[in-house]
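I have placed the structure first, in the form of structure tokens, so that the comments after it can refer back to it.
The values are calculated or read from the model by the stated rules, or taken from the named source; none is laboratory data. These numbers come from a predicted model, not from an experiment. A quick note on method: Cβ atoms are made from the backbone with ideal geometry, for glycine too, and the neighbour counts reach across all protein chains shown. For accessibility, only protein heavy atoms count, side chains too; no ligands or nucleic acids. Shrake-Rupley method; radii C 1.70, N 1.55, O 1.52, S 1.80 Å.
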Amino acid sequence: MKKRFIKTLKWLHRWPSLIVAVFLICWSISGVVLNHRYTFSSFDVNRKHLAKEYQYENWNNAPLKGSCVIGNDSVLVYGNMGIWLSNPEFTNFTDFNNGFSKGIDHRKIYKVLKSTNGTILAGTLFGLYTFDVEYNQWLKIQILDDEERIVGLTQKENTIYVMSRSSLFIAKDESELIFSKINVPAYKGYDNKIGLFKTLWVIHSGEIYGQIGKLIVDFVALVFVFLTITGLIYFFVPGVIKRRRKKSKDNSRVKKINKFSIKWHNKLGIYLVPILIITALTGIFLRPPLLIAIANSKVSKIPYTTLADPNPWYDKFRDILYDEELERFLIGTVEGIYFSEDNFQSELIRPTKQVPISVMGINVLEKKGRGEYLVGSFYGLYRWMPDYNYVEDYINKTTNIFIDRAGPPLGKFMSAGYIFKDDGNEFHIDYNFGAFSINHRNQFSVMPENIISSSPMSLWNFALEVHTARFFKFLFGDFYILILPLVGLLILTILITGFIVWLKLFIRRR
């Protein structure tokens, strides 16, 4: 009975490994790239070499996020494609990215703002920039903060507000642009907890212990690659030796390679099995369908980690808007939208009626009228009047809104951006469908070839597609969503059965 049990464990350790080998190597290498975005930011992948769903067509795949009027006949359009100068009709597009570093990631733009004195600012993935008219290029403005990602810009009177994912900075004089950090108070009822999704995310990436933690997980990724290769060697070498023996060839070198592979496969696999299991286990919960089980869960912050940051808004900010009419700030976060009516002097106010916001954050936050706003995320685009507890699906023009929190964090329409023209026409930029008119007047301009050819996919985004298994959709169709949880469970099975077999053999030898 014991022999049959061990034989079964060996089979479970051996044969599933052939299935997961390619996926595990791809995920390990892509994971290293994801952990070091800035390091790999100058490398891009030509979209021509990718599957059809990665090609730009009618502004799909989120190249365009918004626009900013800078003159009577000049409008800047921006997004993941960088910044382009256009006219009010959006029929001509001229490259406006001079000054940004090489790589499409350096042209990932969250917000463009023209201040009252004419200064043009851009919040990007890698910092805050201002446009120098004299030199006709973007110049970086240094802000004292560990995180460079600038997700929001707004202005109140003569003061510029700059928002990163965790902090808020102000420059009291828009002419000098000298920034200082201000403390944003928590909202009433803040419980000092954090999302379980975020907790598992930083554990999986190693970010939970900062840069050192990331390097440890990088090492774990390389160990996964080593274990995969040595396991394949151990699987195929006996057959190679047998064939070479029949041909009377020397097998001493092959045997040495096999011996080395077995020795270090066992040593690294056994010594590192706890962290290998943690890495695999946390990974399968970061994508649907298992993500659904944890998406709305909150847990206590883990002490002595990056999560234990006293800042109540750590990695929660996504956008900011100042409403001049009502003299209040709107703070867009991953947990909802909050108000500050006293310039951040007291606790933020959370309106009772909230807009559905996907766990992936806010992509649109615009003022539409007095006390009326447009809020867009991958749950759709909504017209929101918080003072009247009113929320309307702005695409379908209905207040009958149902969000299945037990399903994927995606809606029928996935809002990636919003464009308003002077003639009153409004365009929704949908991640899947691209640009279409909300009020059914005119169609948006065709995405020009000069923007398409200048907008490759960053190596980081390509690695993300591989790491989340979306890259394999061209092979498996919509069933690709099951690759990560199923292969993840197989990896856990391989690790656990390998440890048990080794333990049984170790006890027998002792």
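Quickly run through the stretch 10-64 and pick out the residues that are open to solvent by 80 Å² or more (accessible area, probe 1.4 Å), touching a residue at least 60 places away in the same chain (Cβ under 8 Å) and under 29 Å from Lys214 (Cα atoms). Steps first, please.
From the stretch 10-64, those open to solvent by 80 Å² or more (accessible area, probe 1.4 Å) are 10-11, 14-15, 19, 22, 29, 38-39, 43, 48-49, 52, 57; that's our starting set.
With touching a residue at least 60 places away in the same chain (Cβ under 8 Å) added as a condition, the list becomes 10, 14, 19, 29, 38, 43, 52, 57.
Correct list: Ile19, Ile29, Tyr38, Phe43.
Filter the stretch 471-494 down to the residues that are open to solvent by 60 Å² or more (accessible area, probe 1.4 Å) and not aliphatic (A, V, I, L, M) and list them by number.
Result: Lys473, Phe474, Phe476, Asp478, Phe479.
Quick one: in the stretch 348-362, which of the residues that are under 21 Å from the mean Cα position of the chain (by Cα) and open to solvent by 40 Å² or more (accessible area, probe 1.4 Å) is nearest to Val112 (Cα to Cα)?
Among those that are under 21 Å from the mean Cα position of the chain (by Cα) and open to solvent by 40 Å² or more (accessible area, probe 1.4 Å), it is Met360.
Here are some residues: Ile241, Ile277, Ile292, Ile270. Which one is free of Cβ contacts under 8 Å to residues at least 60 places away in the same chain and part of a helix (DSSP H, G or I)? Explain how you work it out, then say what you get.
Details: Ile277 fails: free of Cβ contacts under 8 Å to residues at least 60 places away in the same chain; Ile292 fails: free of Cβ contacts under 8 Å to residues at least 60 places away in the same chain; Ile270 fails: free of Cβ contacts under 8 Å to residues at least 60 places away in the same chain.
Unique residue meeting the criteria: Ile241.
Of the residues Ile500, Ile403, which single one is more than 30 Å from Ile70 (Cα to Cα), touching a residue at least 12 places away in the same chain (Cβ under 8 Å), hydrophobic (A, V, I, L, M, F, W, C) and out of contact with any helix residue (DSSP H, G or I) (no Cβ under 9 Å at 6 or more places or on another chain)?
Values: Ile500 fails: out of contact with any helix residue (DSSP H, G or I) (no Cβ under 9 Å at 6 or more places or on another chain).
Among Ile500, Ile403, only Ile403 is more than 30 Å from Ile70 (Cα to Cα), touching a residue at least 12 places away in the same chain (Cβ under 8 Å), hydrophobic (A, V, I, L, M, F, W, C) and out of contact with any helix residue (DSSP H, G or I) (no Cβ under 9 Å at 6 or more places or on another chain).
Six or more apart or on different chains, Cβ atoms under 6 Å: show the pairs whose first residue is in the stretch 98-112 and over 17 Å from Ile362 (Cβ atoms) and outside any loop (DSSP other than H, G, I, E, B) and whose second is aliphatic (A, V, I, L, M) and open to solvent by 40 Å² or more (accessible area, probe 1.4 Å).
Between residues of the stretch 98-112 that are over 17 Å from Ile362 (Cβ atoms) and outside any loop (DSSP other than H, G, I, E, B) and residues that are aliphatic (A, V, I, L, M) and open to solvent by 40 Å² or more (accessible area, probe 1.4 Å), there is no close pair.
Would you point out the residue of the stretch 429-470, among those that are open to solvent by less than 30 Å² (accessible area, probe 1.4 Å) and among the charged types (D, E, K, R), that is nearest to His49 (Cα to Cα)?
Restricting to residues being open to solvent by less than 30 Å² (accessible area, probe 1.4 Å) and among the charged types (D, E, K, R), the top hit is Glu465.
Can you name the condition, by its number, that Ile120 falls short on among (1) surrounded by 19 or more Cβ atoms within 10 Å (Cβ to Cβ); (2) under 25 Å from the mean Cα position of the chain (by Cα); (3) of a type outside the set (Phe, Trp, Tyr)?
Of (1) surrounded by 19 or more Cβ atoms within 10 Å (Cβ to Cβ); (2) under 25 Å from the mean Cα position of the chain (by Cα); (3) of a type outside the set (Phe, Trp, Tyr), only one is false for Ile120: (2).
Find all pairs meeting these conditions: Cβ atoms under 9 angstrom apart; at least six residues apart or on different chains; first residue within the stretch 180-194 and within 22 Å of Phe169 (Cβ to Cβ); second residue exposed (fewer than 13 other Cβ atoms within 10 Å of the Cβ) and of a type in the set (Val, Ile, Thr).
Qualifying pairs under 9 Å: none.
Between a first residue in the stretch 362-381 that is at positive phi and of a type in the set (Gly, Ala, Ser) and a second residue that is part of a strand (DSSP E or B) and surrounded by 23 or more Cβ atoms within 10 Å (Cβ to Cβ), which pairs have beta carbons less than 8 Å apart while being 6 or more apart in sequence or on different chains?
Pairs found: Gly380/Ser415.
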